[in-house]
Structures are given as structure tokens and as C-alpha cells.
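Everything on this sheet refers to the single structure shown next.
The values are calculated or read from the model by the stated rules, or taken from the named source; none is laboratory data. Since this is a predicted model, take the numbers as computed values, not measurements. Reconstructed Cβ throughout: ideal geometry from the backbone, glycine too, with neighbour counts over all protein chains shown. We work out accessible area using only protein heavy atoms, side chains counted, and drop any ligands, DNA or RNA first. Shrake-Rupley method; radii C 1.70, N 1.55, O 1.52, S 1.80 Å.
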Amino acid sequence: MGNEGGSRQVSPRATGFESLGLSDAVLRAVADMGYEEPTPVQAQAIPAVLAGRDVMAAAQTGTGKTAAFLLPALCGLGRATSAAPRMLVVTPTRELAQQIADVAGVVCARTRHRFACVVGGVGYEPQKAALAQGVDLLVATPGRLLDLMDQGACDLGRVDVLVLDEADRMLDMGFLPSVRKIVDACDRRSQTLLFSATLSGDVLDNMGSLMTDPVSVEVAPKGTTADTVDQYVLGVAAEAKKRVLTEVLRREGADRVIVFVRGKHRADHLSRVLQKKGFSSAPIHGDRSQNQRARALARFLSGEVGVLVATDVLSRGIDIPEVSYVVNMDVPHEPEDYVHRIGRTGRAGVRGWSLTFCSEDEYADLRAIERLTGSVMPAFPREEGLDTGEDGFAPDQNREVPTGTQRKARRSRSRGRRRAGR
Ligand code: AMP
């Protein structure tokens with residue numbers, strides 16, 4: 001295993017990884033990707049995976065979790081002899097699958113494993129052809145994988161390593177029955193790795209029994225917001241939000257900005273409004289076809305589109321490097337969605353910032369987030385001159401982190417204050 005992948009010297013830059021026990025070929029891939037030091041989830045998960053243990057990790061996207069499972073699992077992975085992969089990664093969305101496939105491409109180029117990525121929304125034939133040729137590693141979304149299994153194009157009976165990625169998201173999206181079928185089909189696996197943004201009761205109840213004596217890795221406890229993100233809140237009347245957004249984009253820049261909205265219609269509408277105002281913008285949400293989503297992302301990554309208007313489909317799992325800042329047009333109802341949304345900025349050590357628009361009606365949701373994150377969101381320091389609407393609302397600057405029960409906060413109109421003179 002140690003001599004796979006050619007004779008290039010391992011770059012000294014990869015030293016931090018060397019003590020973890022990875023193969024030479026994988027260390028070359030680490031150097032190819034330019035990683036210098038393992039991230040905390042990698043430092044904890046890699047030795048456990050190499051030791052053959054099941055792992056259950058609470059780690060958000062942006063923590064380096066993809067490499068945390070791919071690097072060690074590909075060290076000793078066997079080779080497929082038929083349409084029966086040896087390692088399977090199941091992940092909820094097409095974008096995530098693509099992102100995992102991108103890392104797999106670099107590692108497999110060094111370890112000489114063959115891999116394929118099967119997702120919905122694209123033709124079956126190329127995927128069937130790839131599987132028929134034999135792939136060692138398969139990255140898949142649940143629906144398409146089940147289709148291919150039903151068609152006899154894929155046999156999971158030889159999978160050794162099964163990875164369930166973004167387990168909480170898969171549950172949220174209703175994939176539990178599909179995941180169960182997939183797990184059942186991997187009946188000869190020797191290792192199960194589960195990654196989830198949070199190890200909630202739901203995840204543990206439904207998926208905990210799939211693991212055998214797992215090692216727990218927890219680098220992002222529930223509610224931890226990336227500490228590389230400055231998070232601000234701005235009280236804005238609902239009807240003033242579009243206007244304020246436009247002004248913020250003019251002042252703060254309209255390049256590599258992600259704006260989150262609730263609902264796909266709003267995403268489409270807001271993107272059109274921004275285009276009319278002269279911004280280059282594209283919507284991305286679950287109703288768009290695979291092609292439209294991929295195109296919007298590619299145009300954003302190339303810089304052709306400056307402002308991506310997204311629903312929560314993008315808030316988990318997608319790694320978009322160098323996002324300048326994130327705007328939340330609304331306060332997410334689910335506090336954990338907030339943590340995912342702002343995780344889009346401030347990646348890999350670069351400081352980012354986020355701005356959340358909060359109308360009076362949304363104050364209770366803001367407080368629920370503050371309870372989860374354990375901190376009070378400071379007011380946007382550059383609000384001077386922004387027209388936040390008649391009868392504008394401002395969250396109380398002296399409020400404290402809410403304590404007490406986790407019961408969902410009821411809508412409260414009482415605790416903010418109206419701005420004087422509006
Ligand atoms: P992930 O959590 O897997 O989505 O990874 C988030 C980002 O961190 C990706 O852009 C990776 O390329 C990057 N990354 C992962 N591991 C490292 C590392 N050890 N050093 C620097 N960047 C990393």
C-alpha cells in the first residue's frame with residue numbers, strides 16, 4: 001500500500017499529517033491539495049478510521065470532514081472486481097456528492113482507486129457504464145443509488161466501508177427509508193462512519209444502531225457557530241428588506257455574496273429584483289434542475305455571478321471557498337439552519353462576516369438562535385444611513401443570552417424596541 005501512486009517525494013508541507021499513519025500515496029494527495037495541518041476532526045477521526053473503528057462524528061461542513069473520512073478509508077481500501085464497490089459514501093444532495101467526488105478525484109489519482117459519483121437529475125447510462133467497469137469507491141445520493149440497485153446495476157454486497165454523510169440532513173429530507181435499504185444492502189461491511197452536523201437525538205435514535213462500538217468525535221458541539229465569522233443583526237421592517245439589501249450590496253460589495261431567503265419563490269423573485277437593479281445574481285434552490293444548480297454554482301465560483309440567492313438547500317454541506325459575506329434576508333425558523341447558513345463564510349481560517357435582517361415578528365426566532373449559540377448577536381456597526389423602514393425595529397442592545405428551557409420561543413413582540421423618530 002505504501003508505494004502506490006508513483007515515486008514523488010512527500011512534500012515537507014504535509015508533516016502535520018505524517019504522524020497520523022496515512023499511507024505514502026495518501027500523503028502525496030494531501031500535499032497535492034495543499035493541506036498543511038490536519039483540522040481537529042481529521043486529527044481525531046483519521047487514527048480511529050485507520051484502526052478500523054466505526055466513527056460517529058459531529059462536524060459541520062467547513063471542518064474538513066470530507067478528507068477526515070476519505071483519506072484514511074482510501075489508505076487500505078480493496079479493489080473492486082465487478083460492479084460491486086468496496087466503499088460507499090451516501091450523501092443527501094447532488095452538490096455535496098460532487099464536492100466529495102472532487103476530493104476523491106485527487107486522492108484516487110494517487111491511490112489508483114477507481115471512483116464514480118451517481119446522483120439524480122442526469123442520465124443513467126454513463127453511471128451504469130462506470131459501475132459495470134468496476135469502481136472501488138462510489139459516492140451517491142440515496143434516490144439514484146436505489147434506482148441503480150433496483151435495475152441490477154449496482155451490488156452493495158461487497159462494500160467494506162460505508163460512510164453516511166450529513167446524516168441529520170438525510171433525515172430532514174426524508175431519506176431514512178432509503179438509507180435503511182442501502183445500509184441493509186451493505187450487509188458485509190466491516191466499518192461504518194457517520195458524519196452529521198449535529199448528533200441530535202433523532203440521528204442517534206435512527207442511526208446509532210447501525211454502528212458497532214463507535215468512536216465519538218465531536219468538534220462542533222451543537223450550536224457552535226464558526227468562530228471565524230463576525231455575526232451582526234440589523235433590525236429591518238419586512239417591507240424594507242429588499243431596499244436595505246440593495247444598499248448593503250452597493251456599500252459592502254456584490255462579489256461572492258450569498259443571500260439566504262426562505263422559500264424558492266422568494267429566491268427566484270429576489271434574484272430577478274437584484275438583476276433589475278444591475279447586480280449579477282442567480283437563484284439556487286431545490287426546485288431547479290441539476291443542470292441549473294450546477295450552472296449557477298459554476299457561474300458564482302467563476303465570478304460571473306456575484307450574488308447567489310439561496311434557500312437552505314445550499315446552507316448545509318456545500319463548500320464554496322472565499323465567500324465574502326452572507327446575508328440572511330430572514331431569521332431562520334430552525335436555529336440550526338442559521339449555524340449552517342453562516343458557515344458559508346469564514347472558511348479555512350479566513351475571517352468572514354454575516355448580516356441577519358430581523359423584523360419585529362422575527363425577534364423570537366433571533367432569540368432562539370442566541371440561545372442555541374450562547375451569544376448575543378451584535379448590531380451591524382455600519383447601519384448609519386440605511387433606511388430600515390418606517391416604524392423601524394431594533395433588537396434591544398442590552399439583551400442577554402436567553403436561558404431556561406429549549407422550548408421553541410413563541411413569537412414575542414415585546415422585547416425589542418422601536419427606533420426613536422421613525
Ligand atoms: P469540508 O468540511 O470537508 O467541506 O472541507 C472544508 C474545506 O476545508 C474544503 O475547502 C477543504 O479543501 C478544506 N480543508 C480540508 N482539510 C483541510 C486542511 N487540513 N487544511 C486546509 N484546508 C483544509
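Cross-linked pairs Lys241/Lys276; Lys65/Lys264; Lys65/Lys181; Lys241/Lys264: Cα-Cα separations exceed 21 Å for Lys65/Lys264; Lys65/Lys181. When all protein chains stay in place and ligands, DNA and RNA are ignored, the 1.4 Å accessible-area order of Met173, Met377, Met33, largest first, is Met173, Met33, Met377. When you count the other C-beta atoms within 10 angstrom of each residue and take the mean per peptide, 57-69, 181-193, 356-368 line up highest first as 57-69, 356-368, 181-193. Applying 1/(1 + (r/R0)^6) with r as the Cβ-Cβ distance of Thr212 and Glu383 and R0 = 51 angstrom yields a FRET efficiency of 0.45.
Karplus-based coupling profile of region 32-43, in residue order and whole Hz: 4, 7, x, 6, 9, 10, x, 6, x, 5, 5, 4, with θ = phi - 60° in 6.51 cos²θ - 1.76 cosθ + 1.60 and x standing for Gly or Pro.
Distant-in-sequence amide contacts of Val233, defined by a placed amide H-H separation under 5 Å and a gap of 5 or more residues or a different chain, comprise Thr356, Ala379, Phe380. In order along region 69-83, the Karplus-derived 3J(HN,Hα) couplings, from 6.51 cos²θ - 1.76 cosθ + 1.60 at θ = phi - 60°, round to 9, 5, 4, x, 5, 7, 4, x, 5, x, 9, 7, 10, 8, 6 Hz, and Gly and Pro are given as x. Think of region 1-153 as having a plus end and a minus end, set by charges on the Cβ of Lys, Arg, Asp and Glu; of Thr141, Val107, Thr81, Thr81 sits farthest toward the positive end of this dipole.
Taking amide H positions as modeled 1.01 Å from N, with prolines and chain starts lacking one, the residues under 5 Å from Val327 and 5 or more places away or on another chain are Ile258, Val259, Phe260, Leu355. About its Cα centre, the dipole of region 16-218 is roughly 640 debye, where the only charges are +1 on Lys and Arg Cβ and -1 on Asp and Glu Cβ. Taking amide hydrogens as placed 1.01 Å from N in the peptide plane, the amide H of Val118 sits under 5 Å from those of Val139, Ala140, Thr141, each at least 5 positions away in sequence or on another chain.
The phi torsions of region 380-387, fed into the Karplus equation with coefficients 6.51, -1.76 and 1.60 and a -60° offset, translate into couplings of 4, x, 10, 7, 3, x, 7, 8 Hz, rounded to whole numbers, with Gly and Pro shown as x. Between Glu400 and Ser280, the contour length at 0.36 nm per residue exceeds the alpha carbon distance by 39.3 nm.
Centroid-to-centroid, using Cα positions, region 56-130 and region 258-298 are 28 Å apart. With the highest mean first, a sort of the peptides 78-87, 19-28, 148-157 on other beta-carbon atoms found within 10 angstrom per residue produces 19-28, 78-87, 148-157.
What shape does region 16-218 take by its C-alpha gyration tensor, where a ≥ b ≥ c are the square roots of the eigenvalues and a/c under 1.5 counts as rounded, a/b above b/c as prolate, and the rest as oblate? In terms of gyration-tensor shape, oblate.
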